[in-house]
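Student: Sharing a structure below in structure tokens format, with a few things to ask.
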Amino acid sequence: MAEKIKNKTVFFNPFSKDNPVVVQILGICSALAVTAKLEPAIVMGMSVIAVLAFSNVIISLLRNTIPTGIRIIVQLVVVAGLVIIVNQLLLAFAYDVAMQLSVFIGLIITNCILMGRLEAFAMANRPWPSFLDGVGNGIGYTIILVIVAFFRELLGSGTLLGMQVVPDSFYAAGYENNGLMILPPMALIIVGCIIWVHRSINKDIQE
Amino acid sequence: MNKQSNTYTVIYIIVLVVVVGAALAFASMSLRERQIDNANADKMKQILKSVRIPIDDKNVGRQFAEHITAMLVVDTEGNVVKEGGADDMEIFNIDVAAQAREEASKRELPVYVCRLDNGAVKYILPMSGSGLWGAIWGYVALDSDGSTVYGAYFSHASETPGLGAEIANPKFQEEFIGKQFFKDGRFMPVTVVKSGQHPADGSDYVDGISGGTITSKGVGAMIDNCLRPYDAYLQSLDK
């Protein structure tokens, strides 16, 4: 029973209380790079969920054999190998998705959430909780990415998922898309606003 | 066994690297054929998009064979050096990116001749260049007069979403339709300029993407670099 409750917190905590982006402040760089539009943000989120879950499981399986001195290198080799294999499979079986992802392959490997979770969780836990931790953190990361991308695309391009949502009459009345929204600094400002809102709701994680 | 010893560490990392290396090599070898097929199908799709043919994802190969009547290689003097059908992989596989870096007179210049369902003949010319972060490429389809743009397609490897990546947006590509590559018999490639500006020499132009200046300039430079060598060939088409 206790095991079950623990697994549940491992899975659900990263959604809000222990969110990788707004609480652990991991993966900010990719949150900045891929959130100008909603679609790449979702694709990036999905791929991080997959890679994070499986690299967590692999490292968790290996955890008792890895020599401490080279553990980071081992983690890196596993993550990089996994990402490249996934990309190869996509190129063979889902070419369009692979083309969309091509920009992100490098970003996934260097995403600090991956190394962060491998170090902090997978090295010390069994495969199943590690898998849940990976999926949970991946979802937590995706949630923030989607929120940021939603505002950036809506206010920056007047579209959502590439479809125009701001009516033409707005533009006729003098409304203009905010060009600043598409530029990277706005991603940080929005992430900052999310952290602000999040901390005012969850008083217990205020420092 | 002492897991912190140097021997264990060295053996561990060697085994790990060999295993991961083998897995990568195996994945790459066993999937190569499918990947090449996919890449070719994708290229066909892009070529067909430049002539505004609605793509049927499952039958791209057949659509390509139906519409592309010939593939040519021409030189800068306008001579046809090589000629082949839609299945001539040698011409199809010419690496446009590598050719674009060569001196114009040394290039192999592919032309894809396309016949639309209504019988009209279009000439599709491939292009390759660089944007802000990486490669950009595209195809321009010209009417049988060798001057009027019938359609254009651009794509990119890693331009910024929302800014430079907008060159892949059909809205940007549609702006090229109807533009002329020849003015009074002189070759004047369509240029990409900042909105509100006009090219000084009077050539046709489209508005660049605001915020995507370097990518827009890259598109302009790519059109100039890749299509100028076709000057003589395009002149030789009947006007």
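The values are calculated or read from the model by the stated rules, or taken from the named source; none is laboratory data. Since this is a predicted model, take the numbers as computed values, not measurements. Positions of Cβ are generated from backbone atoms using ideal geometry, with glycine treated the same way; all protein chains shown enter the neighbour counts.
Student: For a quick check of your reading of the model, give me the residue pairs whose first member lies in region B:166-185 and is more than 16 Å from B:Gly208 (Cβ to Cβ), whose second is loosely packed, with under 13 Cβ neighbours inside 10 Å and at pLDDT below 90, with beta-carbon atoms closer than 8 Å and at least 6 apart or on different chains.
Tutor: Filtered contacts from region B:166-185: B:Lys183/B:Gly202.
Student: Here's something else I'd like to know. Of all residues in region A:35-64, which are of a type in the set (Ser, Thr, Tyr) and modelled with pLDDT of 90 or more?
Tutor: Of all residues in region A:35-64, those of a type in the set (Ser, Thr, Tyr) come to A:35, A:47, A:55, A:60.
Matches in region A:35-64: A:Ser55, A:Ser60.
Student: Now a separate question. Please enumerate the residues belonging to region A:151-185 that are at positive phi and basic (Lys, Arg). Let's see the steps before the verdict.
Tutor: Looking only at region A:151-185, we keep the residues that are at positive phi, and these are A:158, A:161-162, A:174.
If the condition is that a residue be at positive phi and basic (Lys, Arg), then no residue fits.
Student: Now, a different point. Taking the condition of being in contact with an Asp or Glu (Cβ under 6 Å, 6 or more places away or on another chain), aliphatic (A, V, I, L, M) and within 24 Å of A:Gly158 (Cα to Cα), how many residues in region A:10-63 meet it?
Tutor: Summing the residues that are in contact with an Asp or Glu (Cβ under 6 Å, 6 or more places away or on another chain), aliphatic (A, V, I, L, M) and within 24 Å of A:Gly158 (Cα to Cα) in region A:10-63 gives 1.
Student: Follow-up. Which residue is nearest to A:Val22 (Cα to Cα), if the candidates are limited to region A:181-194 and must be without any contact (Cβ under 8 Å) to a residue 24 or more places away in the chain and outside any loop (DSSP other than H, G, I, E, B)?
Tutor: A:Gly192
Student: Now for a different question. Take region A:170-207 and flag every residue that is in contact with a helix residue (DSSP H, G or I) (Cβ under 7 Å, 6 or more places away or on another chain) and surrounded by fewer than 11 Cβ atoms within 10 Å (Cβ to Cβ).
Tutor: A:Gln206, the sole residue that qualifies.
Student: Select, from B:Val51, B:Val60, the only residue that is more than 12 Å from chain A (Cβ to nearest Cβ) and touching a residue at least 12 places away in the same chain (Cβ under 8 Å). Please lay out each step first, then the result.
Tutor: Working: B:Val60 fails: more than 12 Å from chain A (Cβ to nearest Cβ).
After ruling out the rest, the residue left standing is B:Val51.
Student: Hey, does region A:134-148 have a residue that's out of contact with any helix residue (DSSP H, G or I) (no Cβ under 7 Å at 6 or more places or on another chain), of a type in the set (Gly, Ala, Ser) and in contact (Cβ under 8 Å) with a residue 40 or more places away in the chain? Spell out how you get there, then give the answer.
Tutor: Restricting attention to region A:134-148, the residues satisfying the condition of being out of contact with any helix residue (DSSP H, G or I) (no Cβ under 7 Å at 6 or more places or on another chain) are none.
No, because not a single residue in region A:134-148 is out of contact with any helix residue (DSSP H, G or I) (no Cβ under 7 Å at 6 or more places or on another chain), of a type in the set (Gly, Ala, Ser) and in contact (Cβ under 8 Å) with a residue 40 or more places away in the chain.
Student: Which of the residues belonging to region A:88-125 are within 19 Å of the chain's Cα centre (by Cα) and crowded, with 19+ Cβ neighbours inside 10 Å?
Tutor: Result: A:Ala98, A:Leu101, A:Val103, A:Phe104, A:Ile108, A:Asn111, A:Ile113, A:Leu114, A:Arg117, A:Leu118, A:Phe121, A:Ala122.
Student: Within region B:204-239, count every residue that is surrounded by fewer than 23 Cβ atoms within 10 Å (Cβ to Cβ), more than 18 Å from B:Met127 (Cα to Cα) and small (Gly, Ala, Ser).
Tutor: Looking only at that region, the number is 3.
Conditions (1) assigned to a helix (DSSP H, G or I); (2) within 15 Å of A:Leu89 (Cα to Cα), marked per residue:
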{"position": "B:Val20", "(1), (2)": "yes, no"}
{"position": "B:Ala25", "(1), (2)": "yes, yes"}
{"position": "B:Ile36", "(1), (2)": "yes, yes"}
{"position": "B:Lys43", "(1), (2)": "yes, no"}
{"position": "B:Ile53", "(1), (2)": "no, no"}
{"position": "B:Val60", "(1), (2)": "yes, no"}
{"position": "B:Met71", "(1), (2)": "no, no"}
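Student: Pick from B:Met29, B:Met71: which is within 26 Å of B:Cys226 (Cβ to Cβ) and either crowded, with 18+ Cβ neighbours inside 10 Å or within 14 Å of chain A (Cβ to nearest Cβ) (or both)? If you could, list the steps in order and put the result at the bottom.
Tutor: Details: B:Met29 fails: within 26 Å of B:Cys226 (Cβ to Cβ).
Every option except B:Met71 fails the conditions.
Student: In region B:119-169, what count of residues is obtained for those that are within 14 Å of another protein chain (Cβ to nearest Cβ) and either assigned to a loop (DSSP other than H, G, I, E, B) or polar (S, T, N, Q) (or both)?
Tutor: Residues that pass the stated criteria total 13.
Student: In addition: Is one or more of the residues making up region A:57-66 part of a helix (DSSP H, G or I), more than 14 Å from chain B (Cβ to nearest Cβ) and in contact (Cβ under 8 Å) with a residue 40 or more places away in the chain?
Tutor: Yes - at least one qualifying residue is present in region A:57-66.
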